[in-house]
Amino acid sequence: MRKRLLGLWMICAVITQAQTPMITPIPVSIQSLNGNAVVLNHQTTISADPFFAAQATYLQAAIQQQTGLSLKITAKSKAATQIHLVKGAAGKQAEAYQLEAANDKVTLSAADIRGIVNSIQSFLQLLPLQTSKTISIPAVSITDYPRFAYRGMHLDVVRHFFPVDYIKKYIDYLTFHKFNTFHWHLTDDQGWRIEMYSYPKLNSIGSWRDSTLIGHFKDTPAKYERVRYGGYYTKKEIKEVIAYANVRGINIIP
C-alpha cells in the first residue's frame, strides 16, 4: 500500500510539474488560471506606460529574435491579443512584478524598471525557442520579487580584453537570470581599459602589453607569447554599454 501511495504521489508531482511553466529563477508564486490560453500572432500588439517605453522596444526585439513574430507597439489597439506593460505597485518589495496571461491579454505590472524587465524575462521563458507564426501561452499568474537586493556578476577585462559585443551578451545573460549589477573591472596594474584624453599614455602604453605569460609563474623558466595584446574602450563605446544596460535594469560598477 505504501509503495502504491508513493507511486501515485510521484505521478501527481510529474503531472503538476508538466502543467506549470518552468521559470528561472523560480518565482515566489506561480499559479495556473482557469481562463483561456493566450494566442500570439503577427496581429498581437504591445502597449506600455510611457515610463516603460524603452522596455517595450526591448520586448518587441526580444520576441522577434526568439520567435520570429514582429509585433507592433501602439498606444491604442483593437487587436484580439494585446501585451500591456503597466506601471503600478506589484508588491511592497523593490523590483517586484506581476505577470498575468489569460483570455487573449498579457499584463506585466511593476513599479520600477528592474521589476518590469524581470517580468519580461519570465514572459519570454513562456515562449518557445523556435520561430512560429502562432504561439500559445498557458493561462498563468506569476508574482515575484528578489530575495537579495544585490545580485551581480564580475567581468575582468583588464587581464583579458573583451569586445563590446561580448560585453552586451554578458549583460544579456545577467538580465536573463534577473541580476541587477554588472561589475565591469576596467583598470588594474595589468591594463587600463578606459579612453583618457587628459592622460593619453594610459592608452598608448597602459592599455597594451608586449607579451603574455604561457602557463604559470611557478614554471621555470617562464615562457611568454611575444605578441602585443590589449585594447581599450572609447568613451562612446562605454556610453553605449551603459545605455544598453540601463534599458535592461542593470547597474554598472566600474
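Only the coordinates and a few stated rules stand behind these numbers; no lab work does. These numbers were taken from a predicted model, which means no experiment stands behind them. Please note: Cβ atoms are built from the backbone with ideal geometry, for glycine as well, and neighbour counts cover all protein chains shown.
Multiplying the residue separation of R226 and V164 by 0.36 nm and subtracting their alpha-carbon distance yields 19.8 nm. Treating r as the C-beta distance of F51 and D219 and R0 as 35 Å, the FRET efficiency rounds to 0.05. By the combined test of axial Cα extent (at least 24 Å) and Kyte-Doolittle hydropathy (mean at least 0.0), the qualifying DSSP H helices of the chain come to 2-19. By the rule of a C-alpha distance below 22 Å, with chain neighbours fewer than 8 residues away ignored, the lysines paired with K92 are K178. With the simple model of a label 7 Å out from the Cα in the direction of the Cβ, A79 to F176 spans 2.5 nm.
Convex hull of alpha carbon positions in the chain: directionally averaged projected area 21.1 nm². Only Lys, Arg, Asp and Glu carry charge here, each on its Cβ (+1 for the first two, -1 for the last two); on that basis the stretch 26-144 has a dipole of about 300 debye about its Cα centre.
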